[in-house]
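**Student:** To start, I am sharing the structure in question, which I have written as structure tokens.
The values are calculated or read from the model by the stated rules, or taken from the named source; none is laboratory data. Keep in mind that this is a model prediction, so the values were computed, not measured. Cβ coordinates were reconstructed from backbone atoms using ideal geometry, including for glycine residues, and neighbour counts include every protein chain displayed. Heavy atoms of the whole protein, side chains included, go into the accessibility calculation; ligands, DNA and RNA do not. Shrake-Rupley method; radii C 1.70, N 1.55, O 1.52, S 1.80 Å.
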Amino acid sequence: MSARARVAVLISGRGSNMQALAEHAGDDYEIVVVASDRPNAPGLAWAIQHGLSTFALSPKDIGKPVFEAALDGALREAGAEWIALAGYMRLLSDAFVAKWRGRIVNIHPSLLPKYKGLDTHARALAAGDTVAGCSVHVVTEELDAGEVLGQHEVAILPDDTAETLAERVLVAEHRLYPTVLKEFVRR
Ligand code: GRF
């Protein structure tokens, strides 16, 4: 069997999707670094506790180009070949996306192309949808618009709030992301 794909995971917050990716790493991929634009992201502590390499730097004060150059350097130093965004709340610049073209994926809490951007669950409820879900897609310069690699549907229940729906979609995200990442890095 060929070598495992080397994946960098980018987080900004609790990193529950990063944890799911780490827990399912194995023959197909390994996580070589967890990087964050928020040095106090709770997910970083989890990564450190679980023996993963981490990189943290705030773009505040240094500006986006310097931040992204440092991020790019850290990922390359870690030997990353792929980038998985997992609750990374900052837009990557076109230049950064171009450098990693076709090698960045993201998980988004809606059935794309519906509800790109924020507040996906509230928008699905306001629209009277009966089905919500999550998507893993390739990251391009356009927000949440790259090729959809996989989706998981979640039924909307009559009493759902944005919070209760988000909780169930998150469970689906944790199932979907590792599965799709494995297929993607192998194709
Ligand atoms: C998830 O809902 C994901 O779909 C979105 O941001 C949230 C991140 O959650 N992109 P976590 O940090 O992975 O727990």
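**Student:** Looking at the stretch 89-110, I want the residues that are more than 29 Å from Asp129 (Cα to Cα) and have a partner that is among the polar types (S, T, N, Q) with Cβ atoms under 7 Å, at least 6 apart or on another chain. Which pairs are those?
**Tutor:** Partner pairs satisfying both residue conditions: Val97/Thr140.
**Student:** Go through (1) without any contact (Cβ under 8 Å) to a residue 40 or more places away in the chain; (2) open to solvent by 90 Å² or more (accessible area, probe 1.4 Å) for His137 and report which single condition fails.
**Tutor:** With respect to (1) without any contact (Cβ under 8 Å) to a residue 40 or more places away in the chain; (2) open to solvent by 90 Å² or more (accessible area, probe 1.4 Å), His137 is out only on (2).
**Student:** Output yes when any residue across the stretch 36-53 is away from the ligand (no atom under 16 Å from the Cβ), modelled with pLDDT of 95 or more and surrounded by 21 or more Cβ atoms within 10 Å (Cβ to Cβ), and no when none is.
**Tutor:** No, every residue in the stretch 36-53 fails to be away from the ligand (no atom under 16 Å from the Cβ), modelled with pLDDT of 95 or more and surrounded by 21 or more Cβ atoms within 10 Å (Cβ to Cβ).
**Student:** Report yes if Leu149 is open to solvent by 30 Å² or more (accessible area, probe 1.4 Å) and in a helix (DSSP H, G or I), otherwise no.
**Tutor:** Numbers: open to solvent by 30 Å² or more (accessible area, probe 1.4 Å): yes; in a helix (DSSP H, G or I): no.
For Leu149, the condition - open to solvent by 30 Å² or more (accessible area, probe 1.4 Å) and in a helix (DSSP H, G or I) - is not met.
**Student:** Quick check: anything in the stretch 107-121 open to solvent by less than 20 Å² (accessible area, probe 1.4 Å), within 20 Å of Val185 (Cα to Cα) and either more than 14 Å from the ligand (Cβ to nearest atom) or part of a strand (DSSP E or B) (or both)?
**Tutor:** Yes: one or more hits.
**Student:** Moving to a separate point now. Determine which member of the set Ile62, Ile31 is open to solvent by less than 40 Å² (accessible area, probe 1.4 Å) and not in a helix (DSSP H, G or I).
**Tutor:** Ile31
**Student:** Do you know which residues across the stretch 131-146 are closer than 20 Å to Glu183 by Cβ, more than 13 Å from the chain's Cα centre (by Cα) and in a strand (DSSP E or B)?
**Tutor:** Within the stretch 131-146, Gly133 is the sole residue that qualifies.
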